[in-house]
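Here the structure is laid out as structure tokens; the discussion comes afterwards.
The values are calculated or read from the model by the stated rules, or taken from the named source; none is laboratory data. From a predicted model like this one, the values you see are computed outputs, not experimental measurements. So basically every Cβ, Gly included, is an ideal-geometry build from the backbone, and we count neighbours across all protein chains shown. Each accessible area value is taken on the protein alone, full model and side chains, heavy atoms only, with ligands, DNA and RNA left out. Shrake-Rupley method; radii C 1.70, N 1.55, O 1.52, S 1.80 Å.
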Amino acid sequence: MRILVDDKCYTSKPSNAGIVTNSIVNHPVDITIEKLAEEIVKGKSFTLSDFHTVDGKISRSQEYWKSQQLICLDFDNEIVKKINGKRVKVKCITKTWEQAKEEFKETAAFMYKTFNYTDNHHKFRVVFMLDEVVINDKLMDGILEEYKDRYPDADPKCFERARLLYGGTEIYVFDYNNRINVNTYIDKLNIHNTYSQSVDQGVLGVQYSLDKYFNAIVTPKPPPKLISVEKNLSLIRTKNVKRLHEILNPQPIKFYTYSETVEYIKKQDIGLLLGIDTPSNFRCIFHEDNNPSASIFKNADTGDYIYCCQSSNCTFGTGMVIKCIERILKCNRIQSLKFLRELYKVEFHQTEWQKEQIEYLDENIRYLQSPDFPQEYPIQYGLIKNYLDDLVKFISISKDYIPAEHYSIEHANVLFFMSLRHFAKICGKSNISRVGDRIALFTYLKYIYKLDEHEIPVRLLERAKKELVMNKNKNSISSMNLINFYSIHPYSEETLSETENKAKEFRGNHFTMKGISKEMFIRALGEEEANRIYPQMKEKKVSEKSHRITKELEQAALQLIDEKGWTTESEILKLIDGIVEGSKDSKQRQMKKIIGELCIKYGIERKRANKILLTELGIGKIYNDEGIECYPFLLIKVDNL
Ligand SMILES: [Zn+2]
């Protein structure tokens with residue numbers, strides 16, 4: 001038989017297990033049972049199995065287990081007890097050396113005393129030999145399981161196929177010709193002693209037989225556990241939910257929102273569902289995969305399981321469990337979710353309240369996308385037409401977050417929370433602050449409402465915090481600030497007319513998307529309105545630096561207007577260049593933030609230049625930096641108009 005036997009002899013239990021572990025893999029041997037017994041009493045460590053090699057090195061692990069002909073029962077005569085919260089080994093004699101001599105005389109080959117054996121505390125191992133080499137891992141596990149049941153007082157660790165065992169001091173031979181009959185187990189367990197990937201006799205079958213005949217250490221691919229995979233896949237394909245329940249053992253759970261349902265399902269172990277024992281590396285189930293190129297891993301941030309195939313031949317690529325099921329069952333997303341809900345006993349219950357809310361939101365979306373909208377509310381349409389897709393997406397997503405019950409708050413119809421990061425991700429946008437600016441615009445226009453902290457129902461706040469913890473956000477304090485609580489009302493003539501007025505105000509104050517910020521709103525509309533748009537930034541005041549730049553900008557603007565009755569933004573910026581700190585871009589943005597306030601404060605009008613206006617003001621032509629004629633916005637003293 002072929003096993004690993006270390007070349008170092010110990011006279012007591014090795015204190016450094018790592019040294020033995022590293023050394024033994026360099027010593028595969030072909031050895032008889034008699035010779036093994038001799039080596040053991042020299043103090044040599046050994047394994048019960050042979051293993052595959054990985055990158056030229058033997059890998060002693062369950063995963064790379066290759067074959068086995070030995071079973072070893074470890075009798076330590078002690079049990080583990082919890083004393084004062086600590087796990088302590090306590091002497092508990094269940095089998096003495098003398099009793100073992102009697103009990104195993106017909107079955108075992110030999111037994112030996114371990115290094116810690118004393119006359120008062122018998123510690124020994126009984127070694128059995130199988131009458132044939134087992135090459136099927138399931139069969140081997142089945143046999144070991146039987147022995148485990150029969151000898152509950154043996155150390156459970158000795159039933160692991162990859163186990164390493166230390167040598168000992170004294171041998172007692174029962175009969176070196178005693179053998180355990182493998183056939184009885186083949187019949188009983190109904191597992192044939194054939195190579196695990198019998199499905200792929202091609203490559204691995206040949207390698208195995210070569211190995212057998214030439215006794216050479218070759219490097220076959222790790223054996224994929226296709227038997228269990230095939231079984232699970234066929235159970236999924238036949239929608240045998242009952243049998244799958246036995247494998248997965250799901251606990252019934254009930255959710256009220258669609259998003260919670262999906263989040264829960266995405267956190268179920270795909271490897272377990274597909275019956276894949278080695279999720280870190282296995283042969284892809286979605287394409288002809290001769291080299292294992294697939295893996296299943298858990299996203300550390302979200303807890304979601306992801307199936308990923310690296311092969312360029314793969315048409316599946318990457319997917320969550322919902323996509324995997326779509327592919328296996330050749331079905332659509334809804335059908336996949338329905339099957340998974342049944343599989344994981346997830347009840348998704350929409351209340352009447354939720355259904356009603358969804359109807360409102362659907363109608364909001366329909367109206368925003370209708371041809372009536374630009375006709376009936378042209379000013380707001382002009383303002384948001386470039387961002388309409390984002391608004392629709394936002395409302396659409398909110399449908400998945402409607403809570404089951406009605407929180408009684410003023411204007412809070414649909415109420416939900418979402419992080420900016422999450423929304424940006426769904427929209428496929430990487431610039432979170434730009435997404436934040438758009439949400440500020442929607443809030444300013446009252447298409448959506450942001451809730452102030454005191455308006456957020458405690459239960460909802462708790463759920464948000466729980467979700468943050470669940471998603472293990474690394475910097476939860478700053479993440480909490482990124483979570484916003486929103487409400488959306490059903491749009492009506494009344495609300496949209498109000499929005500139309502806000503859109504006029506936006507234009508009237510010369511607000512721009514580039515300048516959108518709390519400071520812009522504070523300067524033109526005051527603190528209260530700014531806090532409505534940025535309820536989580538109440539503490540944030542305008543900085544000293546902003547004040548300094550603003551002062552310079554204002555003085556420059558007034559100086560230029562005094563001189564000739566009008567000016568442009570680029571003239572102002574040019575004048576303060578070199579006087580004020582900061583980048584060109586930040587000064588430009590500051591200009592946009594203060595323009596509304598500047599106009600109100602000093603009676604200045606902001607108008608796009610055109611030939612008529614230029615003639616009226618007696619300005620003549622204006623040229624940009626490249627010397628090309630242009631028509632910029634003019635800042636004009638009202639008396640001059
Ligand atoms: Zn693949």
Query raised in the report: Can you find even one residue in the range 91-110 that is out of contact with any His (no Cβ under 9 Å at 6 or more places or on another chain), surrounded by 15 or more Cβ atoms within 10 Å (Cβ to Cβ) and within 26 Å of Thr21 (Cα to Cα)?
Result: yes
Query raised in the report: Can you name the residue in the range 469-489 that is assigned to a helix (DSSP H, G or I) and open to solvent by 30 Å² or more (accessible area, probe 1.4 Å) and, of all such residues, is modelled with the highest pLDDT?
Result: Val469
Report task. Please verify whether the range 439-453 includes one or more residues that are within 25 Å of Lys385 (Cβ to Cβ), out of contact with any Ser or Thr (no Cβ under 7 Å at 6 or more places or on another chain), of a type outside the set (A, V, I, L, M, F, W, C) and part of a loop (DSSP other than H, G, I, E, B). Result -> no
Query - Residues that are of a type in the set (A, V, I, L, M, F, W, C) and more than 8 Å from the ligand (Cβ to nearest atom), drawn from the range 311-320 - result: Met320
Requested in this report: Keeping to the range 278-292, report how many residues are open to solvent by less than 20 Å² (accessible area, probe 1.4 Å), modelled with pLDDT of 90 or more and part of a loop (DSSP other than H, G, I, E, B).
Outcome: 1
Report task. Among what's in the range 293-305 and is open to solvent by less than 70 Å² (accessible area, probe 1.4 Å) and not in a loop (DSSP other than H, G, I, E, B), pick the residue that is nearest to the ligand (Cβ to nearest atom). Result -> Ala294
Query raised in the report: Which residues, taken from the range 607-641, are open to solvent by 80 Å² or more (accessible area, probe 1.4 Å) and assigned to a strand (DSSP E or B)?
Result: Lys607, Arg608, Tyr623
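Go through Lys323, Lys267, Lys338 for me and flag whichever is more than 22 Å from Glu63 (Cα to Cα), within 16 Å of the ligand (Cβ to nearest atom) and basic (Lys, Arg).
None of the others qualify; the one that does is Lys323.
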Report task. Would you be able to say whether some residue in the range 152-159 is free of Cβ contacts under 8 Å to residues at least 12 places away in the same chain and open to solvent by 30 Å² or more (accessible area, probe 1.4 Å)? Result -> yes
Report summary line: With criteria (1) within 18 Å of Met520 (Cβ to Cβ); (2) among the β-branched types (Val, Ile, Thr); (3) in a strand (DSSP E or B), Ile572 comes up short on (3)
Requested in this report: Evaluate the range 350-357: report whether one residue or more is in contact (Cβ under 8 Å) with a residue 24 or more places away in the chain, under 23 Å from the mean Cα position of the chain (by Cα) and in a loop (DSSP other than H, G, I, E, B).
Outcome: no
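Listed residues Ile236, Ile247; which is away from the ligand (no atom under 16 Å from the Cβ) and open to solvent by less than 10 Å² (accessible area, probe 1.4 Å)? Don't jump to the end; show me each part of the working.
Working: Ile247 fails: open to solvent by less than 10 Å² (accessible area, probe 1.4 Å).
Just a single option satisfies the conditions, and that option is Ile236.
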Query raised in the report: Given the conditions (1) in a strand (DSSP E or B); (2) open to solvent by less than 30 Å² (accessible area, probe 1.4 Å), and given that Gly43 satisfies all but one, which numbered condition is not satisfied?
Result: (1)
Report summary line: When the range 439-462 is checked residue by residue, the ones that are open to solvent by 20 Å² or more (accessible area, probe 1.4 Å) and touching a residue at least 60 places away in the same chain (Cβ under 8 Å) are Lys450, Asp452, Glu453
Report summary line: For the range 25-63, the count of residues that are of a type in the set (Val, Ile, Thr) and over 41 Å from the mean Cα position of the chain (by Cα) equals 6
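Does the range 59-81 contain at least one residue that is open to solvent by 20 Å² or more (accessible area, probe 1.4 Å), touching a Cys at 6+ places or on another chain (Cβ under 6 Å) and modelled with pLDDT under 90?
Looking through the range 59-81, at least one residue is open to solvent by 20 Å² or more (accessible area, probe 1.4 Å), touching a Cys at 6+ places or on another chain (Cβ under 6 Å) and modelled with pLDDT under 90.
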Report summary line: Cys308 fails exactly one of (1) outside the structural domain of Leu441 (by TED's automatic domain parsing); (2) more than 16 Å from the ligand (Cβ to nearest atom); (3) of a type outside the set (S, T, N, Q), namely (2)
Requested in this report: Output yes when any residue across the range 357-366 is more than 22 Å from Lys267 (Cα to Cα), modelled with pLDDT of 90 or more and within 13 Å of the ligand (Cβ to nearest atom), and no when none is.
Outcome: no
Query - helices (runs of 4 or more DSSP H) fully within the range 490-559 counting 1 or more residues that are surrounded by 18 or more Cβ atoms within 10 Å (Cβ to Cβ) and modelled with pLDDT under 90 - result: 518-525
